[in-house]
Amino acid sequence: MNYKIALVPGDGIGPDVVAEAVKVLDAVGVKYGHQFEYETVLAGGAAIDAMGECLPQNTIDVCKKSDAVLLGAVGGWKWDTLPGDQRPERALLGLRKELGLFANLRPALLFEELAEACPLKPEIIEGGLDIVVVRELTGGIYFGEKGYKDTELGRAAYDVEQYAEEEVRRIAVVAFDMAMKRNKKLTSVDKANVLESSRLWRSVVTETAKDYPEVELSHMYIDNAAMQMVRNPKQFDVIVTSNIFGDILSDEASMITGSIGMLPSASLAKGNFGMYEPVHGSAPDIAGQNKANPMATILSAAMMLRYTFGLSKEADDIEAAVKAVLTQGGRTPDIMSPGKVSLGTKEAGDRIVAAIS
Ligand code: NAD
């Protein structure tokens, strides 16, 4: 099969890590007889320098006609003094909007080999951790009506949390589908004891559950979920929640896995289209120095194979290869510990390729 992938390396370590993910995808292509076709486009600071805008129309067009997008990271010191609406990071919001990416998937996977990087007690994380947070990405309080008004107590500011049934249903469907592909266990997180929008959220998720009789659904309030995430994270498998709760909970979940250089993510649109990117930023402090950990981006490419192309076996292969390199003791500087083998960005990519071939 032929698969079209738009590559958006971006800035800083973005190009370093995307290059390694491409090496790994090519190795998978050779092994399984798939053809991955790439078209590289500019976004972020690189696009500002070359074309005067952070998200050129050509980038949007190429992404739209591809089957999936693999993004590195955008931003850096060079553009930090630009006004907010001209900064490289605006490209991300633009891409989300233009590509209709309404579901954000963030796995929090703790490799046993990196357990010492986890800030939780060993008995809490024994056997590793594997959670996915499904966050609604284009609705809720971040996009609701907002503004200022004068009141008796002085200026007041407001941000409205609003969800329509259809917005909740489509994210619930993504989460239930995900639960079906995993352990058939879903926790919906809300604040239905206080918020009207959460009561609607809960009722729509419960309705959607009727189409997924095999999935065990539970509901949890956000304050309890934040606490349970550090008290007993292994109780979770798939979590679905609103934009703001998901923003906070996915950061909390990812922190317990240790290094930011290991965390992949996916943002999905209707159908199987998706944009895949590491959770980390452009790390200008180590850009171009062969020091960046490429595993987050390589694991993002694995998510692309699984969720957009339906190539589960190939995705499993990449994840197993990353694990194999860790088991052999291979470590980039961000996850280095005494007695392990130091690897640069390229060497880490090469080892993962070797473990696949
Ligand atoms: P960052 O994630 O880029 O870096 C934070 C720290 O983690 C740095 O010390 C960095 O060296 C390290 N780090 C990050 N990724 C790593 C990797 N793969 N391997 C090894 N070490 C890694 O966050 P920041 O410093 O707050 O932001 C830098 C720039 O990136 C800013 O311009 C910011 O706006 C941008 N940013 C972009 C995205 C994105 O494109 N999705 C996300 C976050 C930040």
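The values are calculated or read from the model by the stated rules, or taken from the named source; none is laboratory data. Since we're looking at a predicted model, the values are computed, not measured. All Cβ positions, glycine included, derive from the backbone under ideal geometry; neighbour counts span all protein chains shown. Accessible surface is based on the protein model in full, side chains and every heavy atom, while ligands, DNA and RNA are left aside. Shrake-Rupley method; radii C 1.70, N 1.55, O 1.52, S 1.80 Å.
Residue check: is Arg96 open to solvent by 30 Å² or more (accessible area, probe 1.4 Å) and within 24 Å of Gly246 (Cα to Cα)?
yes
Just one of Met262, Met220, Met229 is closer than 30 Å to Lys65 by Cα and either over 12 Å from the mean Cα position of the chain (by Cα) or of a type outside the set (Asp, Glu) (or both); which is it?
Met262
Taking only pairs six or more apart or across chains, which ones have beta-carbon atoms under 7 Å, a first residue in the stretch 59-76 that is away from the ligand (no atom under 15 Å from the Cβ), and a second residue that is among the polar types (S, T, N, Q)?
Taking only residues 6 or more apart or on different chains, the pairs are Asp67/Thr308; Ala68/Thr308.
With respect to Glu113, is the statement that it is within 27 Å of Val322 (Cβ to Cβ), among the acidic types (Asp, Glu) and open to solvent by 60 Å² or more (accessible area, probe 1.4 Å) true?
no
Which of (1) more than 10 Å from the ligand (Cβ to nearest atom); (2) at pLDDT 95 or above; (3) closer than 30 Å to Met227 by Cβ; (4) open to solvent by less than 30 Å² (accessible area, probe 1.4 Å) does Phe309 not meet, given it meets every other one?
In the conditions (1) more than 10 Å from the ligand (Cβ to nearest atom); (2) at pLDDT 95 or above; (3) closer than 30 Å to Met227 by Cβ; (4) open to solvent by less than 30 Å² (accessible area, probe 1.4 Å), Phe309 misses (3) alone.
Would you tally the residues in the stretch 22-40 being part of a loop (DSSP other than H, G, I, E, B) and either touching a Phe, Trp or Tyr at 6+ places or on another chain (Cβ under 9 Å) or open to solvent by 60 Å² or more (accessible area, probe 1.4 Å) (or both)?
Here the count works out to 1.
Just one of Ile356, Ile260, Ile318 is farther than 30 Å from Trp79 by Cα and either open to solvent by 10 Å² or more (accessible area, probe 1.4 Å) or touching an Asp or Glu at 6+ places or on another chain (Cβ under 8 Å) (or both); which is it?
Going through Ile356, Ile260, Ile318 in turn, the sole match is Ile356.
When the stretch 55-86 is examined, which residues are found to be outside any helix (DSSP H, G or I) and more than 21 Å from the chain's Cα centre (by Cα)?
Within the stretch 55-86, Pro56, Lys65, Asp80, Thr81, Leu82, Pro83 qualify.
List the pairs whose first member sits in the stretch 259-278 and is assigned by TED's automatic domain parsing to the domain that holds Val325 and more than 30 Å from Ser337 (Cα to Cα), whose second member is open to solvent by less than 10 Å² (accessible area, probe 1.4 Å) and in a helix (DSSP H, G or I), and whose Cβ atoms are under 7 Å apart, counting only residues at least 6 apart or on separate chains?
Here the result reads Gly274/Met304; Met275/Leu95, each pair linking the stretch 259-278 to a residue that is open to solvent by less than 10 Å² (accessible area, probe 1.4 Å) and in a helix (DSSP H, G or I).
With the checklist (1) modelled with pLDDT of 95 or more; (2) open to solvent by 10 Å² or more (accessible area, probe 1.4 Å); (3) farther than 29 Å from Gly45 by Cβ in hand, flag the one item Lys270 doesn't pass.
Among (1) modelled with pLDDT of 95 or more; (2) open to solvent by 10 Å² or more (accessible area, probe 1.4 Å); (3) farther than 29 Å from Gly45 by Cβ, the lone unmet condition for Lys270 is (1).
Please state which one of Ala50, Ala115, Ala19 is under 30 Å from Asn232 (Cα atoms), part of a helix (DSSP H, G or I) and more than 11 Å from the ligand (Cβ to nearest atom).
The conditions single out Ala115.
Report yes if Leu92 is farther than 27 Å from Ala164 by Cα and either assigned to a strand (DSSP E or B) or within 16 Å of the ligand (Cβ to nearest atom) (or both), otherwise no.
Against the criterion (farther than 27 Å from Ala164 by Cα and either assigned to a strand (DSSP E or B) or within 16 Å of the ligand (Cβ to nearest atom) (or both)), Leu92 does not qualify.
Could you list, in sequence order, all residues of the stretch 201-216 that are over 26 Å from the mean Cα position of the chain (by Cα) and open to solvent by less than 70 Å² (accessible area, probe 1.4 Å)?
Ser203, the sole residue that qualifies.
Do you know which of the residues in the stretch 312-330 that are within 16 Å of the ligand (Cβ to nearest atom) and either within 22 Å of the chain's Cα centre (by Cα) or of a type in the set (A, V, I, L, M) (or both) is farthest from Leu129 (Cα to Cα)?
In this case the residue turns out to be Val325.
Are there any pairs, at least 6 apart or on different chains, whose C-beta atoms fall under 7 Å, with the first in the stretch 91-109 and touching a residue at least 12 places away in the same chain (Cβ under 8 Å) and the second within 12 Å of the ligand (Cβ to nearest atom) and part of a helix (DSSP H, G or I), and if so, which?
Arg106/Ser254; Ala108/Ser254
Checking Gly140 against (1) surrounded by 20 or more Cβ atoms within 10 Å (Cβ to Cβ); (2) on the phi < 0 side of the Ramachandran plot, which test does it fail?
With (1) surrounded by 20 or more Cβ atoms within 10 Å (Cβ to Cβ); (2) on the phi < 0 side of the Ramachandran plot applied to Gly140, the lone miss is (2).
Name every residue in the stretch 255-285 that is near the ligand (Cβ under 7 Å from one of its atoms) and not hydrophobic (A, V, I, L, M, F, W, C), in order of residue number.
Gly261, Glu277, Pro278, His280, Gly281, Ser282, Pro284, Asp285
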